[in-house]
1. How big is the shadow of the Cα convex hull of the chain, averaged over all directions, in nm²?
2. Given the chain, what percent of its DSSP beta bridges are antiparallel, to the nearest 5?
3. Under 17 Å Cα to Cα from Lys46, which aspartates and glutamates show up? Leave out anything in the same chain fewer than 8 places away.
4. Work out from phi, with θ = phi - 60° and the Karplus expression 6.51 cos²θ - 1.76 cosθ + 1.60, the ³J(HN,Hα) of each residue of the range 50-62, listed in order in whole Hz, and give x for Gly and Pro.
5. Using a cut-off of under 12 Å, list every residue of the range 42-62 whose amide N is near the label point 7 Å from the Cα of Arg136 along the Cα-to-beta-carbon line.
6. Take every Cα pair under 8 Å in the chain that's 6+ residues apart, average their separations, divide by the length, and report that relative contact order as a whole percent.
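All of the numbers you see were taken from the coordinates with simple rules; none came from a lab. Keep in mind it's a predicted model, so treat the numbers as computed, not measured. As a convention, Cβ positions derive from the backbone with ideal geometry for all residues, glycine included, and neighbour counts pool all protein chains shown.
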Amino acid sequence: MSSDWHDPDAVSLMLDDLQTWAVVGLSGDTSRTAYRIAEALQARGKKIVPIHPDAPVVLGEQGYATLSEVPFPIDVVDVFRRSEAAGPFADEAVAIGAKAVWFQLGVIDEDAFARTRAAGVAMVMDTCPMIEWAKRAS
């Protein structure tokens, strides 16, 4: 693991300053990690935007099939997809003008990380907002 993956400045930017989080892979399945993390983000005052092919309403928020369909600015694109499928979401995040990309725990794509950072977009990888908030509390 590269220490760049958990850059403290990028983590702070996302957790403290950025409000609108698109959650890629979020469905209404309450047993899924994406649902629990989206719920926790909401509890901390973040606006969540479900991104799922079925575009469900989740946690009271309208979903969209793709990032490009969201009709308002997205600050953070939080990706709950397997590593092999995650890279295109980082590229789409850059394309729509998102300020940051977060790849969840276990989601690793070093090439996508390099592309995203080279485009001037903050990114963290292989961690979870709840883990990072817990580190701050200790």
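1. If I average the Cα hull's projected area over directions, I get 7.7 nm².
2. Bridges in the chain that DSSP calls antiparallel: roughly 5 percent.
3. Within reach: Asp16, Asp17, Glu61, Asp75, Asp78, Glu132.
4. Ordered by residue, 3J(HN,Hα) equals x, 10, 7, x, 7, 6, x, 7, 10, 6, x, 10, 5 Hz.
5. 44-46
6. RCO, the chain: 23 percent.
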